[in-house]
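The values are calculated or read from the model by the stated rules, or taken from the named source; none is laboratory data. Keep in mind that this is a model prediction, so the values were computed, not measured. With ideal geometry, Cβ positions are generated from the backbone for all residues, glycine too; neighbour counts draw on all protein chains shown. The accessibility values were calculated without ligands, DNA or RNA, using every heavy atom of the protein model including side chains. Shrake-Rupley method; radii C 1.70, N 1.55, O 1.52, S 1.80 Å.
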Amino acid sequence: MSRFYLTTPIYYVNDVPHAGHAYTTIATDVLARWYRLQGEEVFFLTGTDEHGTKIAQAAAARNRAPQEYCDEIAAQFQQAWKDLRVSNDSFIRTTAPAHARAVQSFLKALWEKGVIYKARYQGKYCVQCERFYAEDELIGGLCPDHRIPPEVQSEDNYFFRLSDFRETLLAAITDENHPQHFKIYPLARRNEVIGKLKQDVNDLSISRATLSWGIPLPWDRSQTTYVWVDALLNYLTAIGYPDDPRHVEEWWPAQLHLMAKDILWFHAVIWPALLMATEMKLPKKIFVHGFFTVNGQKMSKSMGNVIRPADLIKEFGVDGTRYLLLSAFPFGADGDFNQDLMKTAYNAALANDLGNLISRSFTMVENFCGAKVPPPDDKNRVTSRVLEELKKVRDHLERLQFHYALAAIIAAVERLNGFIEEQAPWKLAKTAPAECQSVLRELLACIKMMSFYLWPFMPDTAHAVWKQLGQTDDLEAGAKRYFVHQGPVDLAAGQVTQKDAPLFPRK
Ligand code: ME8
């Protein structure tokens with residue numbers, strides 16, 4: 001058994017969760033669930049980023065004490081993930097006292113390594129990004145991301161000698177044999193990082209003199225830790241750094257950090273450099289997905305087009321939401337969502353293909369087999385063709401191509417629907433009842449096998465199918481036996497099936 005530690009970014013609590021947060025979190029959840037079924041020991045971390053100017057301002061704008069405000073929004077993130085069946089093993093909040101203590105411990109280690117110095121800083125800071133921008137990074141004097149003028153800030157800060165790590169970082173990214181090699185996907189993002197690293201890299205201001213909503217530096221309590229340093233450290237503090245070295249040893253380094261392209265630099269450069277400076281191992285892999293727009297527009301509060309997970313669930317159900325978010329466009333590329341396309345995709349793949357397959361299959365078993373699983377006869381008319389599609393899921397997930405993995409599952413569904421049309425069990429029921437039983441038996445066995453592949457993506461649907469199959473044992477345990485030990489898809493003859501309401505009502 002191997003260990004697989006994977007993470008989402010920790011999201012800012014300046015606002016309630018939106019579909020962008022859900023996108024990364026559901027993708028990570030699918031991987032966590034998939035690797036659990038493959039017998040790996042998984043630790044899946046998500047959480048909330050609660051310090052810094054942006055959060056202090058959000059609380060002040062609502063006339064709330066920052067901690068009380070953070071508590072409320074963090075609870076909303078937790079609820080959203082629960083509603084979406086996100087199976088995170090832990091949820092870290094950066095205002096947790098244990099995190100604050102751990103951050104101070106890490107900073108102290110940095111300080112003792114001599115990679116910190118004090119200097120006066122003058123720069124342009126975008127509060128929404130929580131970062132300084134160099135003049136040539138601004139577009140028309142505005143933040144390239146938020147299109148707002150950054151604030152000029154000038155104060156004494158502590159700096160981390162990021163520039164000292166430029167060459168080692170370059171080597172670690174580009175040389176597969178480097179002892180600290182780590183991977184950045186997709187390759188275009190990796191090349192982007194390499195390109196920037198080949199230019200000059202500035203040292204990083206790691207503290208703020210004028211901000212109090214954060215963690216004080218251990219050696220100078222008049223300064224507050226820069227929110228990004230505080231936030232990145234969550235990946236270590238959540239697994240027990242520094243108090244529980246055995247647990248850290250067990251889980252670190254993380255196998256995979258997932259995020260969108262907006263925060264690539266922090267994860268691909270700043271985070272590894274901080275780890276190098278303290279002689280810690282680097283994460284194995286960073287995967288950067290794209291940004292999506294809504295009806296061609298950037299999702300923003302001022303545009304009034306922010307999609308909330310709860311609205312999606314109301315419209316398409318939990319599994320509909322999970323399916324639609326991950327199937328729309330390749331993970332890694334930018335994409336667009338619009339309500340009409342989502343509805344069309346829902347009706348085509350879920351209502352017409354998957355939902356219809358389940359509903360017609362159990363109706364036929366009820367009508368032609370007395371709602372009982374027929375006896376096995378080892379006929380393979382469609383099983384291999386279905387398996388051929390389902391087996392592609394593994395490869396696609398290894399490369400985080402969720403939309404291809406889902407397309408493979410839907411292709412398997414279409415093969416089964418085609419099989420039903422071809423065999424016409426309703427005709428066989430009259431002319432060749434034994435053949436009808438055999439066809440429906442094969443259909444049910446394929447549906448059971450499919451439920452193993454469905455579970456990581458659409459856990460409620462997989463469980464609903466399981467229940468209709470009349471299974472009383474544990475779906476996950478069955479799936480694990482199937483994947484890890486190549487166990488058979490056994491179906492007890494005579495097992496009573498339980499047809500239920502349609503899984504995906506048409507919209
Ligand atoms: O950056 N499309 O938090 P954040 C796709 N706290 N993904 C999107 C998206 C969109 N339109 N909008 C947001 C932060 N995301 C920091 C992270 S980590 C140590 C600290 C997702 O609330 C995507 O994963 O701004 C992106 O990277 C993340 O939300 C940014 O979340």
Exercise. Go through region 252-264 residue by residue and turn each phi into a ³J(HN,Hα) via Karplus (6.51, -1.76, 1.60, θ = phi - 60°); whole Hz please, and just put x for glycine and proline.
Key: 8, x, 4, 7, 7, 9, 9, 5, 9, 5, 4, 10, 4
Quiz item: Top to bottom by accessible area (1.4 Å), largest first, where do Thr94, Thr174 land?
Solution: Thr174, Thr94
Self-check item: Area of Ile270 that stays accessible when all protein chains are in place (1.4 Å probe, Å², to 10)
Solution: 10 Å²
Quiz item: Which distance in Å, rounded to a whole number, links the C-alpha centroids of region 171-231 and region 385-445?
Solution: 48 Å
Quiz item: Which loop GluC sites (Glu not before Pro) in region 162-248, with loop taken from DSSP, have no more than 11 other Cβ atoms within 10 angstrom of their Cβ?
Solution: Glu176
Exercise. Would you mind getting me the FRET efficiency between Ile139 and Arg399? Use the beta-carbon distance for r and R0 = 35 Å, nearest 0.05.
Key: 0.60
Exercise. Can you work out the PRE-style zone for Lys298? Point 7 Å along Cα to Cβ, and I want the residues of region 1-30 with backbone N under 20 Å.
Key: 11-24
Quiz item: How large is the helix-only mean residue ellipticity at 222 nm for the chain, computed as the sum of -39500 (n - 2.57) over DSSP H runs with n ≥ 4, divided by its residue count, in deg cm²/dmol to the nearest 500?
Solution: -14000 deg cm²/dmol
Quiz item: Hey, how many Å between the Cα centroid of region 100-133 and the Cα centroid of region 1-21?
Solution: 23 Å
Quiz item: What Cys residues in the chain have no fellow cysteine's beta-carbon under 4.7 angstrom?
Solution: Cys70, Cys369, Cys436, Cys446
Quiz item: Counting other Cβ atoms within 10 Å of each Cβ, which GluC sites (Glu not before Pro) in region 395-490 have at most 13 and sit in a DSSP loop?
Solution: none
Exercise. Identify all lysines with a Cα-Cα distance to Lys196 below 30 Å; exclude those on the same chain that are fewer than 8 residues away in sequence.
Key: Lys54, Lys108, Lys113, Lys118, Lys124, Lys183, Lys261, Lys281, Lys284, Lys285, Lys298
Quiz item: Looking at region 214-295, which GluC sites (Glu not before Pro) are in a loop (DSSP not H, G, I, E or B) and have at most 12 other Cβ atoms within 10 Å?
Solution: Glu279
Quiz item: What is the distance, in nm, between label points placed 7 Å from the Cα along the Cα-to-Cβ direction at Glu366 and at Gln339?
Solution: 3.4 nm
Self-check item: Where the Cα pairs of region 340-485 fall when distances are cut into 5 Å bins, in %
Solution: 2, 9, 19, 23, 21, 14, 8, 3, 1, 0
Exercise. Determine the gain in length on full extension of the stretch Glu421-Tyr117; use 0.36 nm per residue of separation and subtract their C-alpha separation, reporting nm with one decimal.
Key: 102.1 nm
Practice problem: Quick one: compute the contact order of region 340-485, relative version, from alpha carbon pairs under 8 angstrom and 6+ residues apart, as a percent. | Solution: 25 percent
Quiz item: What are the semi-axes of the equivalent ellipsoid for region 378-441, taken as the square roots of 5 times the Cα gyration tensor eigenvalues, largest first, in whole Å?
Solution: 31, 11, 6
Quiz item: Which value does Rg/Rh take for region 1-150 over its C-alpha atoms, Rh per Kirkwood?
Solution: 1.03
Quiz item: Say the dipole of the chain comes from +1 at the beta carbon of Lys and Arg and -1 at that of Asp and Glu; which of Ser300, Phe106, Leu326 then lies farthest toward its positive end?
Solution: Leu326
Practice problem: Could you list the square roots of 5 times each eigenvalue of the Cα gyration tensor of the chain, that is, the equivalent ellipsoid semi-axes, sorted largest first and rounded to whole Å? | Solution: 49, 23, 20
